[in-house]
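Undergrad: Structure incoming, see below.
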Amino acid sequence: MARFVLRRIAFMLITFWVVISVAFLLLRLAPGGPFDGDRRMPPEVEANLLNAYNLDEPLYIQYGRYVWDLLRFDLGPSIKHHDFTVSELIAAGLPVSLTVGALALVIALVLGVPIGSIAAFRHNSWLDNCLSSSTTFGLALPPIVTGPLFVLLFAVMLQWLPAGGMDSASSLILPSIALAIPHAAAIAKLMRGSCIDTLGQNHILTARSKGLNSVRLAIHHVLPSAMIPVLSFLGPAAATLIAGSLVIEEVFSLPGLGRYFVQGALNRDYTLVMGGVVVYAGLILLLNFVVDTLYFRFDPRIRSQKQSEAL
Amino acid sequence: MIQLRRFQGTCQGSTAALLCMLLASSILANELSSLRIGSPGDPQTLDPHRYTLNLEEHILKDMFLGLTTMDAKGAIVPGSAASWDVSSDGLVWTFHLRDNAWSDGAPVRAEDFVFSFQRLLNPETAAPLAFFLYGIENAREINGGKVEPTELGVSALDTQTLEIRLEQPFPYFAERLFYPTGYPVPQHVIEKHGSDWIKPQNWVSNGPYSLSDWKPQQAVELQRNPHFFDLENVRIDSVKYVPVADALAGYHRFLADELDIVGDFPAGEIESLRESRPDSLRLSSLLSTMYLVFNVTEPPFDDVRVRRALALAIDRDKLTQKVLRSDEIGNASMVPPMVPGYKSVVETNSPDLALARSLLKQAGYTEEEPLKVTLRYFTGSESKQVHVAIAAMWQEIGVQASLHHTELKVHFSDLHSGDFEVAQAGWFGENNPEHYIELLWSQIGSNNYGRYQSAEFDALLEQAKNTVGQKAREKLLQQAESVALNEFPVIPLYSVTVRNLVNPRVGGWYTNPRNSHGVRYMTLK
């Protein structure tokens, strides 16, 4: 177990290094620099600006400096947001992104699991047809479509909830729901398929034939085993939710990390974009690591596979 | 809560009920004196010497007061200086400061301005727009690190008198000073807190408002500066600038009554707003010129006949009235039509397709071998509409234009490096003709995107730059513009319209060609 974890950590660190190096290089390769615009600045001004952010040094020195600073957890000053460091901006934005992502995940589970299970238990009935077609519809509704529609309906017309910004907790309701819908649909589909599989298995048929009532059957026998594929879906889904909040933050003007990331890329704010890459890559790698480790711990098939690899 | 219960307990009988109502209405009135303005993004800095964005300029103008400032209708008026004199050679400007104080109560002195101008031009400040004040004696040399900042041509004659010496006469200097680059910054605070002077807890400024809070991506909040010289006329207690992610988000928040003013909304909504909210809709022309620029250094646009032919094929009225439809003003001059006192002598060049075809023929292009060009523009729905329409107009004279669009930064990076044939360009800003005409000067560097060169134009422009009297200067500028535009290095198209939505509760908000609206002049009903 310890050897497996150590190997995974080493692999994770190498991946992380590759990701930040490629991102660093790609950013510099993108045409247009942080100080480019319709108006070319006089050479004196350009020299002062490049000097202030060490951008006049050779690329390998800039890279070395970046990695060295990163090892000391220093993400540097933002090139565009002069009054803040990248760490300050991330500290302000990340909690918002994480909250929206986590809320969306909870909503997706709360909606998806029951819908999928009910559809499976009423397999091939009119209810199943209704629920299955709504989940297919839900899958086809990305937040960029539902977001503005929700704003129009609940904020502009009904005026129940805020149209944007982050003035109170109610500001999080519409974005979380818009972000959750496709994930709820995916979970419902997964849950339905997995429940139907489980329902056909021998031990369930036996339990049924012994006259166990449906509620007990569902809670004690079907759901626990049907949930496994859903749980394994949650790792990557959590990562997509955090990264996916990018769009929702634009639509709802939420002060999250995603907006910095998008604007940073457009502004060629090298340090801010790198900060975003560090955070997103770190989170995604970490989530994958947790899922992998849990798999290794709980699924004997993977353990034996790894052991035979080791031999 | 306990107090509230006790208070509720006393609210018995009609007198108490009346009192409650009065209290409620006064609370409501207090809330109303806070203005919420949608800003098209988050400011990148609130240091006036490091600012670059228009949206930052809007916020900063409520917190600082330069030597000159703008009134509610956009005219340049005295600011921190109550008056000024200009020497007969136009080189020495003497400003007489009024009694005003920083938001911490310290008096604003002429020495504060000396410190601020030196700080702006000090290379260590790395001010992106330091060049706005390169007209001051030694400014450019200081910014390039060749001369000490103390050598700058700005001195305090006494605590209330400031002298600024220019290298060349510049009659528009009063206008140039009203930008944040000309704002004073508090020396006593900067020396105490260093770069942290910008944090809300340390903030000190000399304008009608001061910074009370700044949460990135959430809001910049200002409160009235109790030491401002004209405090009695500043009606609104606090201002909240709220960044909105895009025009649609801002529009929705305005409709949901979460914002009182928004500076942009989708153009497609204009017609419905004319019906539903005519008292909120404010369209106005901005000091700006949108134009097409030719790369005159390479074929096919090194040939003036080809450039003229393409210019003659464009119907500006069609572009503004049928394509853009937001009250844009078509314009054949590089100088926006709202610049006061300047009358362009450039011909309007109304479309003449027959002449255009014959010019192309003379240049050697036929139906079998048509002119093929790439028209570049930057990504955006409005620029797409305009340039698709232009390509169609050129098609009518047999020109095959392929469209190529890139993101804004890439677009201008290509223009600066001369990597284009014909491209979209635009210039915004000042209320004087020189600002626009000098874009065709061979000495201005790559801002003359098409690398146009004309000895006659240069001579006239340089002569104008050395002329003191504004009238004589503008006459020379007129001649220079006419010389250049007869060679069609650019095709001026139109001045853009800015689309504001202003809640009818807000008074004192006037459309103006700078689209600059000081909150100190506004009221809330």
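Undergrad: Filter the range B:323-366 for residues that are of a type in the set (Asp, Glu) and open to solvent by 50 Å² or more (accessible area, probe 1.4 Å) and give the result. If you could, list the steps in order and put the result at the bottom.
TA: Taking the range B:323-366 first, the residues of a type in the set (Asp, Glu) are B:327-328, B:347, B:352.
The answer is B:327, B:347, B:352.
Undergrad: Those residues that are within 16 Å of the chain's Cα centre (by Cα), among the hydrophobic types (A, V, I, L, M, F, W, C) and within 14 Å of chain B (Cβ to nearest Cβ), I need them from the range A:255-298; list them, please.
TA: Within the range A:255-298, A:257, A:261, A:262 qualify.
Undergrad: Check B:72, B:106 and return the single one that is over 23 Å from residue B:465 (Cα atoms), away from chain A (no Cβ under 14 Å) and more than 21 Å from the chain's Cα centre (by Cα). It would help to see each step written out before you state the result.
TA: Numbers: B:72 fails: more than 21 Å from the chain's Cα centre (by Cα).
B:106 is the lone residue from the list that is over 23 Å from residue B:465 (Cα atoms), away from chain A (no Cβ under 14 Å) and more than 21 Å from the chain's Cα centre (by Cα).
Undergrad: Quick one: how many residues across the range B:110-138 are open to solvent by less than 20 Å² (accessible area, probe 1.4 Å) and more than 10 Å from every other protein chain (Cβ to nearest Cβ)?
TA: 8
Undergrad: Being at negative phi, among the hydroxyl-bearing types (Ser, Thr, Tyr) and in contact (Cβ under 8 Å) with a residue 60 or more places away in the chain narrows it down to one of A:171, A:225, so name that one.
TA: Working: A:225 fails: in contact (Cβ under 8 Å) with a residue 60 or more places away in the chain.
The conditions single out A:171.
Undergrad: Step by step: first the residues of the range A:6-42, then only those that are free of Cβ contacts under 8 Å to residues at least 60 places away in the same chain and either within 8 Å of another protein chain (Cβ to nearest Cβ) or in contact with a helix residue (DSSP H, G or I) (Cβ under 7 Å, 6 or more places away or on another chain) (or both), then the one that is surrounded by the fewest Cβ atoms within 10 Å (Cβ to Cβ). Which residue is that? Even if it seems obvious, please write down each step before you answer.
TA: As a first pass, look at the range A:6-42 and keep what is free of Cβ contacts under 8 Å to residues at least 60 places away in the same chain: A:6-7, A:10-11, A:13-14, A:17-18, A:21-22, A:25-26, A:29, A:31, A:35, A:37-42.
Add one more test, that the residue is either within 8 Å of another protein chain (Cβ to nearest Cβ) or in contact with a helix residue (DSSP H, G or I) (Cβ under 7 Å, 6 or more places away or on another chain) (or both), and what stays is A:31, A:35, A:37-42.
On the way: A:31: 15, A:35: 21, A:37: 18, A:38: 17, A:39: 18, A:40: 21, A:41: 20, A:42: 17.
Only one residue fits best here, namely A:31.
Undergrad: Only residues that are in contact (Cβ under 8 Å) with a residue 60 or more places away in the chain and surrounded by 16 or more Cβ atoms within 10 Å (Cβ to Cβ): list them for the range B:212-236, please. Break it down into steps so the answer makes sense when it comes.
TA: Of the range B:212-236, the ones in contact (Cβ under 8 Å) with a residue 60 or more places away in the chain are B:214, B:216-217, B:220, B:222, B:225-230, B:233-236.
Listed by number, the residues that qualify are B:214, B:216, B:217, B:220, B:222, B:225, B:227, B:228, B:229, B:234, B:235, B:236.
Undergrad: I'd like the full set of residues that are surrounded by 21 or more Cβ atoms within 10 Å (Cβ to Cβ) and either aromatic (Phe, Trp, Tyr) or at the interface with chain A (Cβ under 10 Å from one of its Cβ atoms) (or both), limited to the range B:429-438.
TA: B:436 - this is the single residue of the range B:429-438 that is surrounded by 21 or more Cβ atoms within 10 Å (Cβ to Cβ) and either aromatic (Phe, Trp, Tyr) or at the interface with chain A (Cβ under 10 Å from one of its Cβ atoms) (or both).
Results for (1) within 18 Å of residue A:89 (Cα to Cα); (2) touching a residue at least 40 places away in the same chain (Cβ under 8 Å), shown as yes or no for each residue.
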site	(1), (2)
A:260	yes, yes
A:269	yes, yes
A:274	yes, yes
A:280	yes, no
A:293	no, yes
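Undergrad: Could you say whether any residue in the range A:93-109 is facing another protein chain (nearest Cβ under 10 Å) and among the small types (Gly, Ala, Ser)?
TA: Of the range A:93-109, the ones facing another protein chain (nearest Cβ under 10 Å) are A:93, A:96.
Going one step further and asking which of them are among the small types (Gly, Ala, Ser), we end up with A:93.
Within the range A:93-109, one or more residues are facing another protein chain (nearest Cβ under 10 Å) and among the small types (Gly, Ala, Ser).
Undergrad: Still on this model: Look through the range B:414-428, keep the residues that are assigned to a strand (DSSP E or B) and within 8 Å of chain A (Cβ to nearest Cβ), and return whichever of them is nearest to the chain's Cα centre (by Cα). I'd like the intermediate steps shown before the answer.
TA: Filtering the range B:414-428 for residues assigned to a strand (DSSP E or B) gives B:422-428.
Of the ones still in play, those that are also within 8 Å of chain A (Cβ to nearest Cβ) are B:425-427.
Numbers: B:425: 16, B:426: 12, B:427: 10 Å.
Only one residue tops the list, namely B:427.
Undergrad: Quick check: anything in the range A:208-216 assigned to a helix (DSSP H, G or I), within 14 Å of chain B (Cβ to nearest Cβ) and not small (Gly, Ala, Ser)? Break it down stepwise before answering.
TA: Initially, the range A:208-216 is screened for residues assigned to a helix (DSSP H, G or I), giving A:208-209, A:214-216.
Okay, now just the ones that are also within 14 Å of chain B (Cβ to nearest Cβ), so none.
No, the range A:208-216 has no match at all.
Undergrad: Suppose we filter B:248, B:292 for residues that are open to solvent by less than 50 Å² (accessible area, probe 1.4 Å) and either in a helix (DSSP H, G or I) or away from chain A (no Cβ under 12 Å) (or both); which single one remains?
TA: Values: B:248 fails: open to solvent by less than 50 Å² (accessible area, probe 1.4 Å).
None of the other options fit; the residue is B:292.
Undergrad: Taking into account only those residues within the range A:137-148 that are surrounded by 12 or more Cβ atoms within 10 Å (Cβ to Cβ) and more than 10 Å from chain B (Cβ to nearest Cβ), which is farthest from residue B:255 (Cα to Cα)?
TA: Pass one, the range A:137-148, residues surrounded by 12 or more Cβ atoms within 10 Å (Cβ to Cβ): A:138-139, A:141-148.
Checking the rest, the ones that are also more than 10 Å from chain B (Cβ to nearest Cβ) come to A:138-139, A:141-146.
Numbers: A:138: 28, A:139: 30, A:141: 25, A:142: 24, A:143: 21, A:144: 20, A:145: 19, A:146: 18 Å.
Ranking the qualifying residues of the range A:137-148, first place goes to A:139.
Undergrad: I'd like the residue in the range B:477-502 that is open to solvent by 20 Å² or more (accessible area, probe 1.4 Å) and among the polar types (S, T, N, Q) and, out of all such residues, is nearest to the chain's Cα centre (by Cα).
TA: Taking the candidates together, the pick is B:478.
Undergrad: Right, here's the next one. Could you look through the range A:244-266, keep only residues that are open to solvent by 40 Å² or more (accessible area, probe 1.4 Å) and over 16 Å from residue A:163 (Cα atoms), and pick out the one that is modelled with the lowest pLDDT?
TA: A:246
Undergrad: Being out of contact with any Phe, Trp or Tyr (no Cβ under 9 Å at 6 or more places or on another chain), open to solvent by less than 10 Å² (accessible area, probe 1.4 Å) and assigned to a strand (DSSP E or B) is the filter here; which residues of the range B:251-289 pass it?
TA: none
Undergrad: Can I ask one more? Report yes if residue B:56 is within 14 Å of chain A (Cβ to nearest Cβ) and either closer than 22 Å to residue B:170 by Cα or modelled with pLDDT of 90 or more (or both), otherwise no. Full working, then the answer.
TA: Working: within 14 Å of chain A (Cβ to nearest Cβ): yes; either closer than 22 Å to residue B:170 by Cα or modelled with pLDDT of 90 or more (or both): yes.
Taking the combined requirement at face value, the residue satisfies it.
Undergrad: What do you reckon, is residue A:113 more than 14 Å from chain B (Cβ to nearest Cβ), open to solvent by 20 Å² or more (accessible area, probe 1.4 Å), over 26 Å from residue A:264 (Cα atoms) and β-branched (Val, Ile, Thr)? Show your work before the answer.
TA: Numbers: more than 14 Å from chain B (Cβ to nearest Cβ): yes; open to solvent by 20 Å² or more (accessible area, probe 1.4 Å): yes; over 26 Å from residue A:264 (Cα atoms): yes; β-branched (Val, Ile, Thr): yes.
Considered against the rule, which asks whether it is more than 14 Å from chain B (Cβ to nearest Cβ), open to solvent by 20 Å² or more (accessible area, probe 1.4 Å), over 26 Å from residue A:264 (Cα atoms) and β-branched (Val, Ile, Thr), residue A:113 comes out as yes.
The values are calculated or read from the model by the stated rules, or taken from the named source; none is laboratory data. Keep in mind the model is a prediction, meaning the values are calculated, not measured. Because the Cβ atoms are built from the backbone with ideal geometry, glycine has one as well, and the counts that use them run over all protein chains shown. Accessible surface is based on the protein model in full, side chains and every heavy atom, while ligands, DNA and RNA are left aside. Shrake-Rupley method; radii C 1.70, N 1.55, O 1.52, S 1.80 Å.
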